[in-house]
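Below: one structure, written as structure tokens.
The values are calculated or read from the model by the stated rules, or taken from the named source; none is laboratory data. Because the structure is a prediction, the values reported are computed rather than measured. Here the Cβ positions follow ideal geometry from the backbone for every residue, glycine too, while neighbour counts run over all protein chains shown. Just so you know, the surface numbers come from the protein's heavy atoms only, side chains and all, with ligands and any DNA or RNA stripped out. Shrake-Rupley method; radii C 1.70, N 1.55, O 1.52, S 1.80 Å.
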Amino acid sequence: MSLLPITAGLTLGAGIAATARWAGYDRDRSFYPTVLMVVASYYVLFAVMGGQALSVELAIATGFTGLAWLGGRGRLWLVGVGLLLHGLFDLLHPAVIDNPGVPAWWPAFCAAVDLVLGGWVLLLAGRVRRNGPPPH
């Protein structure tokens, strides 16, 4: 297996977190929940492209969307957990869901992005809990 998708995913995840912090996007409580919903939607797109697995991919994306919704209502740690769970889902996906639209490199790439962002969001959630929400 090539390390390129993992390296690219780690780099992109860190870049998203750094840019969100630098630009102030992560001050809005909807930023990371939206990221989780978008991340979860890619497998739905791949199901449409591959012509199968749409119902199962939609059901799973709906579950992650529910976590994003709950997390966006003041429980940011749920979004971090959701991103980490999506990273685990990425790693298990090829073994449990037959979706021919998923590129072979995608699960490793997406897992790397998810794990970096999930860890970052959990760190942010801990800071918010200790220090209160950031000023707007």
* Structure fact -> Listed by first then second residue, the pairs whose first member lies in the stretch 90-106 and is in contact (Cβ under 8 Å) with a residue 40 or more places away in the chain, whose partner is of a type in the set (Val, Ile, Thr) and part of a loop (DSSP other than H, G, I, E, B), with beta carbons under 9 Å and at least 6 positions apart or on separate chains, are His93/Val102
* Can you tell me how many residues in the stretch 13-25 are among the aliphatic types (A, V, I, L, M) and over 18 Å from Val79 (Cα atoms)? -> 1
* Taking the stretch 1-26, which residues are open to solvent by 70 Å² or more (accessible area, probe 1.4 Å) and outside any helix (DSSP H, G or I)? -> Met1, Leu3
* Any hit, the stretch 44-55, residues being closer than 27 Å to Trp77 by Cβ and over 16 Å from the mean Cα position of the chain (by Cα) -> no
